[in-house]
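Structure first, then comments.
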Amino acid sequence: MNAQDALAINGEFGILEGKNVFSYTPHCDGRVVLLPLWAGNLGWEWRRVRTIQNEINELEKQVKPNPVTPEGTPVEAVPSPVELKIQQLTEERKELLKGSYRDRHFNAGSILLGYGGYLSLLLEGSKHGRGQESSSLPPICLQEEVRNFLNGSRKTCG
């Protein structure tokens, strides 16, 4: 293998040819891996908050009514295993509700969406900087498009 094949475009500037401020390797950034995992975990917890009430309702259907004396007072009995499970799930649900997983999952998803958009623009600029055309717009025009979009302008380049 020829050493020139490992260089960027024409090899005029060595191994750093075509590098710019947009150089980025996503697999080296832990946020790319950890942020979706974190958002997924929060979503899983939010799902648990929503579904635990269904489990409690199913168990309540299995509970037998307490016997009553002829005078109408309930007989105190030892709680059944089903009633203990209902109490345990109710306590777990109260703890899960304190975690406000719905809001945190929404925020994590919003951050993930914004960061993904940022990376897509960053990598698009990186491809242009290395001479890899990945868009029909020239690099200068792409930068203008992004700047106009961020400023709220509707002007386009092409």
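Can we say Arg31 is within 27 Å of Ser110 (Cα to Cα), in contact with a Phe, Trp or Tyr (Cβ under 9 Å, 6 or more places away or on another chain), modelled with pLDDT under 80 and among the basic types (Lys, Arg)? I'd like the intermediate steps shown before the answer.
Working: within 27 Å of Ser110 (Cα to Cα): yes; in contact with a Phe, Trp or Tyr (Cβ under 9 Å, 6 or more places away or on another chain): yes; modelled with pLDDT under 80: yes; among the basic types (Lys, Arg): yes.
Taking the combined requirement at face value, the residue satisfies it.
Of the conditions (1) exposed (fewer than 13 other Cβ atoms within 10 Å of the Cβ); (2) within 25 Å of Asn41 (Cα to Cα); (3) of a type outside the set (A, V, I, L, M, F, W, C), Lys85 clears all except one; give me its number.
(1)
I'd like to verify a number: residues in the stretch 45-80 that are closer than 30 Å to Gly99 by Cα, outside any helix (DSSP H, G or I) and either touching a His at 6+ places or on another chain (Cβ under 8 Å) or touching a residue at least 12 places away in the same chain (Cβ under 8 Å) (or both), how many?
2
Within the stretch 62-76, is even one residue charged (D, E, K, R) and within 30 Å of Leu42 (Cβ to Cβ)?
Here is the first cut: in the stretch 62-76, the ones charged (D, E, K, R) are 64, 71, 76.
Within this subset, residues satisfying the condition of being within 30 Å of Leu42 (Cβ to Cβ) are none.
Within the stretch 62-76, not a single residue is charged (D, E, K, R) and within 30 Å of Leu42 (Cβ to Cβ).
Look through the stretch 65-124, keep the residues that are within 28 Å of the chain's Cα centre (by Cα) and of a type in the set (Asp, Glu), and return whichever of them is modelled with the lowest pLDDT.
Glu124
The values are calculated or read from the model by the stated rules, or taken from the named source; none is laboratory data. Here the structure is a predicted model, which is why all the values come from computation and not from measurement. As a convention, Cβ positions derive from the backbone with ideal geometry for all residues, glycine included, and neighbour counts pool all protein chains shown.
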